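To start, the structure under review is shown below, and the notes come after it.
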Amino acid sequence: MNIKVSQLTKQYRNRKVLDEVSFNLQGPAIIGFLGHNGAGKTSFLNMLAGLVAPSSGTIEVEGEPVFNNGELMKQVCFIAETGNFPLHVSIGQVLTLNKLFFPNWNEELAEELLEQFSLRKKDKIKNMSKGMVSALGIITGLASGAPITIFDEPYIGMDASGRQLFYELLVEQHALEPRTFILSTHLIDEASNLFEDVLIMHEGKVLVHQPYEDIQTNIVKAKGRQEELEAYIGSSKVIHRSKFMNEHTAVIMHENVPAAAPASLKLESIKLQELMVLLSKNKRREIG
Amino acid sequence: MNQIKGGLYTLFLSYKRDFYIFTAINTMFLFLSLIMGMLFPDITIMTIGIVMVLIFTFIISMKLLDRSLAILLRYGLNRSRYIAVTGGFMLLWSLANAAVLFIINALLLFFTKQFDVTSVTVPRLTMLYDNSLSLVVNYVMDASAIFMLAMAGMLTSVIFYRFGSIGGYSFFGVILALLFIGVPLKWYGPLVDGLLSWNAALFVVAMLAIAVAVLAIVWLLTRRVSTVSANV
């Protein structure tokens, strides 16, 4: 599904959490939605799910505006950090509700996932641990079959093995039935291998929106002597520079696939987490 | 259709516990009144089941938006469907509560007659018009009154949700001021006389019309409401 965001702004009183952002997300894909706290990720995802009205601009899915669009929203499943289910209901009742709300609900998969996450149908939400409620959110998202499934920090309170299980299931489900998964997370290093497309936000603006493969090939960390490094950088954008003894390091963002570097230069691909930190730091410096 | 069904089921699951607990307590108090009447025949006791239900419904409907809006919008309902679901749920709620009151009132009347308890009065809305009106007519009146109060509660809830504490309390202040101003200006005498000059059917229609009008205002106020309040 194609998600088109045009000039989207969200303002709460004097604070602009999204500032005229425009981009397209093309599914099916697993899209990493990254940024520091307060970057505007959750505000955007809330608007994509139709929960919050934009101050200006639009979000369209397949050419239809999402806000207040009940028919379109049947195709969107939004799993947030918390508050996804009424407190006094049991897991079994949540599954019944999901069946009513999601037209592509996969009951068989839901039952299977309940076993994998060791959840019992009779347990009530209010008596469950944070990790268990998160697991139920993940089950809901995966079994919803919604063409756009949004996970906004879906694994609060889940241990490493639970998160690993989630990553495996996400890839498995995406392979079986490709759809648009949007995953917003702070555990970037853990999840980065899942992403096909990455969008990094900072203070209401989009800093990077590229396929993950392009980031891996076009953004590199080069180390070596200054003259060789400068020659290699050419007209490309430098995100970060540092120096230790005689060794100079630069994180370079090439427009296209970079030319081969001299043998004396050491090239490394950069981790997403590091890239996000450097980009945010740069942005802050620019603003400052 | 499934969204509407799902919405109603969500609200039913969220509120059934409150309904059971309240109904149990209210029933207990009403029958306690009967026992008190039998033990102390010199004291006049009035059962106030409907008043308790009206207060409880108002409180419940005041919390409705906070408790259900985020979840139902996350499940994909748009705002109009959300209002249709909550309005429909409160109508069912009113019918259910009125049905419980109908049964309790019938039992109380039966027992007071059976045990010849004269000190216990079971007041009913129909008494405003005609003592001889049946309990079925009273059921319709009770349900309409409960529904009207539920809509008033929903409106209050929306006002607090949309305009925050300052807006909410200001609104309450204006309403209270109007109520107090009405006393010296002698608005209530003609109002009560007018109401009593109607018949029961007209009274029911008026209550339902007010409820629908309030629901329409609630719908207007929620057309662009966010699950995150504007006060964030």
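The values are calculated or read from the model by the stated rules, or taken from the named source; none is laboratory data. These figures come from a predicted structure and were not determined experimentally. Quick reminder, even Gly has a Cβ in these numbers, built from the backbone with ideal geometry, and neighbours come from all protein chains shown. Areas reflect the complete protein model, heavy atoms only, side chains present, ligands, DNA and RNA absent. Shrake-Rupley method; radii C 1.70, N 1.55, O 1.52, S 1.80 Å.
The table below lists the values:
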item	result
Some residue of region A:79-86 being in a helix (DSSP H, G or I) and either in the same structural domain as A:Asn46 (by TED's automatic domain parsing) or open to solvent by 10 Å² or more (accessible area, probe 1.4 Å) (or both)	no
Condition broken by A:Phe102, with the remaining ones in (1) open to solvent by 10 Å² or more (accessible area, probe 1.4 Å); (2) farther than 22 Å from B:Asp66 by Cβ; (3) within 11 Å of another protein chain (Cβ to nearest Cβ) satisfied	(1)
Residues being in contact with a Lys or Arg (Cβ under 7 Å, 6 or more places away or on another chain), away from every other protein chain (no Cβ under 14 Å), open to solvent by less than 20 Å² (accessible area, probe 1.4 Å) and assigned to a strand (DSSP E or B) - total across region A:10-28	1
Failed condition for B:Met90, given (1) away from chain A (no Cβ under 14 Å); (2) more than 20 Å from B:Met151 (Cα to Cα); (3) open to solvent by less than 60 Å² (accessible area, probe 1.4 Å); (4) of a type outside the set (D, E, K, R)	(2)
Out of B:Lys5, B:Lys113, B:Lys16, sole residue that is surrounded by fewer than 21 Cβ atoms within 10 Å (Cβ to Cβ), over 17 Å from the mean Cα position of the chain (by Cα) and within 9 Å of another protein chain (Cβ to nearest Cβ)	B:Lys5
Top-ranked residue of region A:262-279 - restricted to ones that are part of a helix (DSSP H, G or I) and out of contact with any Ser or Thr (no Cβ under 8 Å at 6 or more places or on another chain), ranked as surrounded by the fewest Cβ atoms within 10 Å (Cβ to Cβ)	A:Val277
Region A:242-261, residues that are among the aliphatic types (A, V, I, L, M) and either modelled with pLDDT of 85 or more or buried (at least 16 other Cβ atoms within 10 Å of the Cβ) (or both)	A:Ala250, A:Val251, A:Ile252, A:Met253, A:Ala261
Residue list for region B:200-232, restricted to those being within 14 Å of another protein chain (Cβ to nearest Cβ), open to solvent by 70 Å² or more (accessible area, probe 1.4 Å) and not basic (Lys, Arg)	B:Trp219, B:Leu220, B:Asn231, B:Val232
Only one of A:Leu275, A:Leu265 that is more than 30 Å from A:Asn37 (Cβ to Cβ), modelled with pLDDT of 85 or more and aliphatic (A, V, I, L, M)	A:Leu265
Pairs where the first residue, in region A:83-101, is within 12 Å of A:Ala143 (Cα to Cα) and the second is acidic (Asp, Glu), C-beta under 8 Å, 6+ apart	A:Leu95/A:Glu107; A:Lys99/A:Glu107
Within region A:40-62, considering residues that are in a loop (DSSP other than H, G, I, E, B) and in contact (Cβ under 8 Å) with a residue 60 or more places away in the chain, the one nearest to the other protein chains (Cβ to nearest Cβ)	A:Ala49
Candidates B:Thr23, B:Thr57, B:Thr44 - the one that is away from chain A (no Cβ under 14 Å), more than 20 Å from A:Leu51 (Cα to Cα) and touching a strand residue (DSSP E or B) at 6+ places or on another chain (Cβ under 8 Å)	B:Thr44
Test: B:Phe31 is more than 11 Å from every other protein chain (Cβ to nearest Cβ), assigned to a helix (DSSP H, G or I), modelled with pLDDT under 95 and in contact with a Phe, Trp or Tyr (Cβ under 6 Å, 6 or more places away or on another chain)	no
Residues of region A:87-103 that turn out to be of a type outside the set (Val, Ile, Thr) and in a loop (DSSP other than H, G, I, E, B), as a count	4
Residue check, B:Ser197 among the hydroxyl-bearing types (Ser, Thr, Tyr), over 22 Å from the mean Cα position of the chain (by Cα) and either surrounded by 13 or more Cβ atoms within 10 Å (Cβ to Cβ) or within 14 Å of another protein chain (Cβ to nearest Cβ) (or both)	no
Selection from region B:129-155 of residues that are modelled with pLDDT of 90 or more and more than 24 Å from B:Val192 (Cβ to Cβ)	B:Met154
Residues of region A:130-157 that turn out to be among the hydroxyl-bearing types (Ser, Thr, Tyr) and modelled with pLDDT under 95, as a count	1
Unique match (being outside any helix (DSSP H, G or I), over 17 Å from B:Ile210 (Cβ atoms) and within 14 Å of chain A (Cβ to nearest Cβ)) among B:Leu77, B:Leu133	B:Leu77
Yes/no for B:Asp66 being within 14 Å of chain A (Cβ to nearest Cβ), touching a residue at least 60 places away in the same chain (Cβ under 8 Å) and surrounded by fewer than 16 Cβ atoms within 10 Å (Cβ to Cβ)	yes
Subset of region A:104-143 (residues that are over 24 Å from B:Gln3 (Cα atoms) and either among the acidic types (Asp, Glu) or assigned to a strand (DSSP E or B) (or both))	A:Glu112, A:Glu115, A:Asp123
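Residues are listed down the side, and each one gets a yes or a no for (1) surrounded by fewer than 24 Cβ atoms within 10 Å (Cβ to Cβ); (2) within 13 Å of another protein chain (Cβ to nearest Cβ):
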{"site": "A:Gly70", "(1), (2)": "yes, yes"}
{"site": "A:Thr96", "(1), (2)": "yes, yes"}
{"site": "A:Glu108", "(1), (2)": "yes, no"}
{"site": "A:Leu114", "(1), (2)": "yes, no"}
{"site": "A:Leu136", "(1), (2)": "no, no"}
{"site": "A:Ser144", "(1), (2)": "no, yes"}
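Every residue, every condition in (1) in contact with a His (Cβ under 6 Å, 6 or more places away or on another chain); (2) within 14 Å of chain A (Cβ to nearest Cβ); (3) at pLDDT below 90; (4) open to solvent by 70 Å² or more (accessible area, probe 1.4 Å), yes or no:
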position	(1), (2), (3), (4)
B:Ser157	no, no, no, no
B:Arg162	no, yes, yes, yes
B:Val174	no, no, no, yes
B:Val183	no, no, yes, yes
B:Asp193	no, no, yes, yes
